[in-house]
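The values are calculated or read from the model by the stated rules, or taken from the named source; none is laboratory data. All figures in this text were calculated on a predicted structure; none of them were measured in a lab. Here Cβ is always computed from backbone atoms with ideal geometry, including for glycine, and neighbour counts include all displayed protein chains.
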Amino acid sequence: MWFFKKKKSLEFPKFWLDYAQQFEEKLPQEVLGNTFVVLDTETTGLNLTKDRMLCIGAIKLTNNAISIKESLEIYIEQEHYDSESAEIHGILKRSKKEQFSELDALQQFLAYAKNHVLVGHHVSFDIAMINAALRRNGLPHLKNKTLDTGLLYKRTLLISSVLRKKESYSLDELADKFRISKKDRHTALGDALITAIAFLAIIEKLKPKNLKDLFQKQNPPKFGL
Amino acid sequence: MKNTISERVADFLKKYPPFNILAEHQLQKLAYEVTIIHKENNSIVFAEKEAPHNYFYVVHKGAVALTKKGSQHILDICDEGDIFGLRPLMAHEKYKLQATVREETILYAIPIEEFKPIALENHQVGDFLIESFASNTRNPYSIKHRGKLYGVSNDGEGTAENKLLDLQPVRYSTNLVTCTEETQIKVLANAMSLNSVGCILVTKNGLPIGIITDKDLRNKVATGMVPITKNAKAIMSTPVITYPKELTITQAQMALMKSRISHLCLTEDGTTDTPAVGILSKHDVMVALGNNPSVLMRAIKRATDSKRLRTIRHSIINLLQGYLEQNIPMGLVSKIISELNDATIKQVIQVCIGQMETPPPAKFTWLAMGSQGRGEQLLTTDQDNAILYEDVPEDKKEETQSYFLALGNRISVELNHIGFEYCPAEMMASNPLWCHSLQEWKEVTSHWMGNPGPDEVLLSSIFFDFNVTYGEKALADELSLHIFENAKKYPQFLTHLASGALQNPSPSGFFRDFLVEQDGAHKDFFDLKLRALMPIIDAARVLILSHSIKSINNTAERYEKLAELEPKNQELYTACSFASKALLKFRTKQGLLHNDSGRFIALDQLNKEEKIKLKRTFKTIKEIQELIQVRFQVKNLLR
């Protein structure tokens with residue numbers, strides 16, 4: 001297997017190789033020993049081939065603390081443009097914020113995310129969006145492990161036939177439940193912060209033994225006899 | 001540099017001193033350097049004698065208690081927007097207090113290196129800090145009252161606290177109700193009732209010249225001495241005794257005692273030649289001392305927002321702690337604390353109704369369920385509540401339900417803010433399943449009683465302890481009546497309810513040792529609620545329901561009533577009543593100790609005497625369970 005990888009890797013730019021290299025190192029076992037990268041993307045829509053990312057927002061969570069100056073907020077130059085969703089996100093095509101090309105943005109994101117666990121609300125969408133962008137630039141998919149606050153939140157709820165659980169819970173519902181201000185909702189970095197605080201509250205409720213246990217808690221509980 | 005988050009942090013800080021004095025660019029720069037820290041309940045931010053951190057802290061959400069080592073006495077509680085841990089950084093000394101998180105808290109840690117140059121450069125910021133350090137208060141500009149313990153003992157610790165108190169400026173009401181000399185007595189009395197104040201200030205050209213209190217109205221008008229048609233001048237006390245507004249609590253106490261009056265008038269410079277700025281009543285001073293239930297009750301009734309109610313709740317918890325330390329009988333304690341909790345909820349409901357755009361479209365009652373309904377909620381546990389409203393015509397149904405759902409939602413959010421956690425099973429009035437009209441509730445309860453599966457039994461065991469907190473009592477009575485009729489109609493329901501009461505796992509094992517949890521977050525802890533409290537509570541409910549006794553919800557009181565009704569079982573019921581009180585006390589003490597609901601007990605932390613006490617209740621639990629098993633023929637039930 002390894003020689004396929006080696007052969008291919010010659011074609012990849014240095015920043016990708018640097019990124020990939022970091023996965024040779026193992027993640028710490030303890031939940032608290034890890035740095036989590038909480039991310040959110042704002043996109044022009046939900047279509048993975050047609051739509052594009054407008055902005056990536058991410059923050060680092062180390063030992064229950066978030067350092068503001070270490071957060072990431074990258075706006076991406078747009079060719080494809082859908083006026084409907086831009087209205088929601090308030091990011092206009094030629095806004096005054098500094099913008100980067102998609103490749104630059106990916107490069108910055110990979111350098112930032114390193115081998116840390118990526119956390120997001122319904123994270124699979126954000127990951128798929130980033131992967132689609134990587135593919136467009138001739139790069140492989142993200143290698144990071146992921147945690148979904150949407151799935152984890154469900155595990156914090158009571159196991160009882162009395163409570164009617166929903167299929168999925170929105171970030172708004174989580175914010176209400178944990179009394180998190182929704183002031184910057186629908187900006188990438190603002191949503192990432194809400195997700196991060198909800199993530200911390202969830203971890204406190206679930207009390208995972210270690211990182212592996214936390215990953216397993218994304219699945220519904222198993223019942224044995 | 002700034003980003004979306006730093007802008008949000010700056011927006012928050014800007015509301016509180018000294019950050020409100022900073023220039024926009026300074027604040028933005030400072031906010032960019034902030035670290036957001038999440039602390040779980042009971043974790044320590046810094047310990048006494050710890051070397052100073054590189055940061056000082058601002059509470060964004062939650063609460064942090066400052067304590068001195070070896071003492072349970074809380075010196076201060078920092079709430080939203082309060083700064084702590086700054087002084088040691090400025091003075092380069094070690095922390096003198098311990099900061100413990102009292103609930104899930106988010107802190108903003110601000111690096112001292114960034115803040116110091118700003119403080120040195122900006123005189124106003126420097127002044128604020130000097131003033132706040134000198135006066136020993138966190139924030140000299142907006143003083144909130146501090147909770148003090150019930151019956152502080154006379155040791156050194158206590159006097160140290162009193163010293164702090166001496167320096168505390170008093171909180172007075174700035175809502176001045178005034179009239180002129182010519183105002184008619186009837187008019188001014190109306191104004192006093194309208195504003196619910198006990199005194200009115202008589203002013204002339206903006207300066208205070210006299211004061212009229214409730215006492216004046218009673219002694220001079222109601223006795224017929226002065227006819228009600230006369231004006232203010234005839235009954236006012238003059239000249240007004242005035243004091244400067246920078247009064248400390250101790251000074252205010254002295255002043256009130258010295259001149260034997262119930263209200264002080266505070267003016268700009270303390271003389272009658274400057275306009276009045278506030279009125280200070282005896283009650284304000286009592287609240288500041290905050291260790292008396294009747295004073296807290298009045299404070300609750302006067303509170304107009306949840307922020308104020310939140311601080312009152314802290315005082316209630318302190319009061320509870322004091323009661324337990326002094327070994328005051330549990331029955332009395334639970335009554336007082338439940339009354340205070342009830343009043344708090346009532347006040348929240350009242351405030352929320354006021355905030356709705358229209359008054360309620362129909363009569364309704366707010367029902368407290370579960371432990372709160374039974375009057376056994378000493379600590380803040382979950383909110384279990386429901387709304388019951390009167391039947392409305394078919395065409396108004398939807399509209400009415402959506403109104404009450406919106407109201408329920410608002411109330412439950414406010415309660416959560418004060419410190420009542422959300423119910424994990426969402427048994428709250430904001431849930432459409434727990435917000436019904438009388439007819440709907442009758443249908444729902446009939447369904448539960450007619451088809452008693454495990455869920456229905458569970459739901460009814462929670463709901464049937466309902467108690468009216470607010471609103472029309474008649475509606476709840478009608479529902480109770482309906483439930484009793486149904487209990488007679490479906491005798492098998494009681495059997496199922498009894499079987500539910502027997503399903504809780506046993507508290508002790510074969511060798512009479514405690515059974516602890518086998519796994520999960522509470523491994524090796526003893527589940528006091530599930531294994532000891534629930535069986536005894538459930539048993540009381542079945543028995544009292546079988547006797548069709550309504551409006552006795554408290555478990556201990558239920559057993560007392562049962563002892564009265566069944567003299568032959570008197571001994572057992574009295575024992576149950578004692579056991580339920582003892583267990584409740586256990587739970588409360590454990591809860592206060594660990595600042596949680598007190599449900600799980602670490603057995604190795606109990607002393608011998610406590611363990612024996614706990615075990616003694618198990619025998620009673622076993623006996624009452626046997627009684628239920630025989631009486632309701634649970635054995636015949638296919639399980």
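Among the numbered criteria (1) assigned to a loop (DSSP other than H, G, I, E, B); (2) touching a residue at least 24 places away in the same chain (Cβ under 8 Å), which single criterion is violated by B:Pro227?
The one condition B:Pro227 does not meet is (2).
Can you pull out every residue in segment B:1-22 that is out of contact with any helix residue (DSSP H, G or I) (no Cβ under 7 Å at 6 or more places or on another chain) and in contact (Cβ under 8 Å) with a residue 24 or more places away in the chain?
B:Glu7, B:Phe12, B:Lys15, B:Tyr16
Could you tell me which residue of segment B:389-416 is surrounded by the most Cβ atoms within 10 Å (Cβ to Cβ), considering only residues that are aromatic (Phe, Trp, Tyr) and within 22 Å of A:Asp176 (Cα to Cα)?
Within segment B:389-416, the match that is surrounded by the most Cβ atoms within 10 Å (Cβ to Cβ) is B:Phe404.
I'd like to verify a number: residues in segment A:163-193 that are free of Cβ contacts under 8 Å to residues at least 24 places away in the same chain and of a type in the set (A, V, I, L, M, F, W, C), how many?
Total meeting the criteria: 4.
Restricting attention to segment B:382-397, and to residues there that are in contact with a Pro (Cβ under 9 Å, 6 or more places away or on another chain) and not in a helix (DSSP H, G or I), which single residue is farthest from B:Leu475 (Cα to Cα)?
So the residue we want is B:Asp382.
Test of understanding: among B:Ala368, B:Ala386, which residue is within 14 Å of chain A (Cβ to nearest Cβ) and crowded, with 20+ Cβ neighbours inside 10 Å?
B:Ala386
Look at B:Lys611 and say whether it is surrounded by fewer than 19 Cβ atoms within 10 Å (Cβ to Cβ) and part of a helix (DSSP H, G or I).
yes
Looking for whichever is assigned by TED's automatic domain parsing to the domain that holds B:Met427, over 14 Å from the mean Cα position of the chain (by Cα) and not β-branched (Val, Ile, Thr) here; the options are B:Leu405, B:Leu309. Which one fits?
B:Leu405
Of all residues in segment B:1-40 being closer than 19 Å to B:Gly126 by Cβ and surrounded by 20 or more Cβ atoms within 10 Å (Cβ to Cβ), which is farthest from the other protein chains (Cβ to nearest Cβ)?
Among those that are closer than 19 Å to B:Gly126 by Cβ and surrounded by 20 or more Cβ atoms within 10 Å (Cβ to Cβ), it is B:Pro18.
Go through segment B:230-246 and give me each residue that's touching a residue at least 40 places away in the same chain (Cβ under 8 Å) and either touching a helix residue (DSSP H, G or I) at 6+ places or on another chain (Cβ under 9 Å) or under 16 Å from B:Thr178 (Cβ atoms) (or both).
Correct list: B:Lys230, B:Asn231, B:Ala232, B:Lys233, B:Ala234, B:Ile235, B:Met236.
Scan segment B:200-229 for residues that are within 13 Å of B:Gln184 (Cβ to Cβ) and buried (at least 17 other Cβ atoms within 10 Å of the Cβ) and report the count.
Final tally of qualifying residues: 6.
Could you check A:Leu46 against (1) in a loop (DSSP other than H, G, I, E, B); (2) modelled with pLDDT of 90 or more and say which number it fails?
(2)
Report whether or not B:Leu458 is surrounded by fewer than 17 Cβ atoms within 10 Å (Cβ to Cβ) and either in contact with a strand residue (DSSP E or B) (Cβ under 6 Å, 6 or more places away or on another chain) or part of a helix (DSSP H, G or I) (or both).
Against the criterion (surrounded by fewer than 17 Cβ atoms within 10 Å (Cβ to Cβ) and either in contact with a strand residue (DSSP E or B) (Cβ under 6 Å, 6 or more places away or on another chain) or part of a helix (DSSP H, G or I) (or both)), B:Leu458 does not qualify.
Mind telling me which of the residues B:Glu104, B:Glu113, B:Glu80 ends up being more than 20 Å from A:Leu61 (Cα to Cα), in contact with a Lys or Arg (Cβ under 9 Å, 6 or more places away or on another chain) and either within 14 Å of chain A (Cβ to nearest Cβ) or surrounded by fewer than 21 Cβ atoms within 10 Å (Cβ to Cβ) (or both)?
After ruling out the rest, the residue left standing is B:Glu80.
Could you figure out which of (1) under 21 Å from B:Ala368 (Cβ atoms); (2) modelled with pLDDT under 85; (3) not hydrophobic (A, V, I, L, M, F, W, C) isn't true of B:Arg512?
Going through the list (1) under 21 Å from B:Ala368 (Cβ atoms); (2) modelled with pLDDT under 85; (3) not hydrophobic (A, V, I, L, M, F, W, C), B:Arg512 breaks only (1).
Would you say B:Thr400 is touching a Pro at 6+ places or on another chain (Cβ under 7 Å), more than 14 Å from chain A (Cβ to nearest Cβ) and of a type outside the set (D, E, K, R)?
So B:Thr400 passes the test.
Any residue at all in segment A:176-185 that is in a helix (DSSP H, G or I) and touching a strand residue (DSSP E or B) at 6+ places or on another chain (Cβ under 8 Å)?
no
Going by the structure shown, is B:Ala299 closer than 30 Å to B:Gly81 by Cβ, touching a Gly at 6+ places or on another chain (Cβ under 9 Å) and without any contact (Cβ under 8 Å) to a residue 24 or more places away in the chain?
Answer is yes for this residue.
Tell me, yes or no, whether segment B:270-290 has at least one residue that is surrounded by fewer than 18 Cβ atoms within 10 Å (Cβ to Cβ), at positive phi and at pLDDT below 80.
Yes, the conditions are met somewhere in segment B:270-290.
In segment B:419-452, what residues are touching a strand residue (DSSP E or B) at 6+ places or on another chain (Cβ under 8 Å), within 12 Å of chain A (Cβ to nearest Cβ) and assigned to a loop (DSSP other than H, G, I, E, B)?
Listed by number, the residues that qualify are B:Tyr422, B:Cys423, B:Pro424, B:Met427, B:Met428.
Go through segment B:232-297 and tell me which strands (runs of 3 or more DSSP E), entirely inside it, have 1 or more residues that are under 30 Å from B:Thr344 (Cβ atoms) and among the small types (Gly, Ala, Ser).
Correct list: B:276-281.
Report the residue count in segment A:165-191 for those that are crowded, with 16+ Cβ neighbours inside 10 Å and more than 11 Å from every other protein chain (Cβ to nearest Cβ).
The total comes to 4.
Only one of these conditions is not met by B:Arg410: (1) assigned to a helix (DSSP H, G or I); (2) at pLDDT below 85; (3) closer than 29 Å to B:Pro293 by Cβ. Which number is it?
(2)
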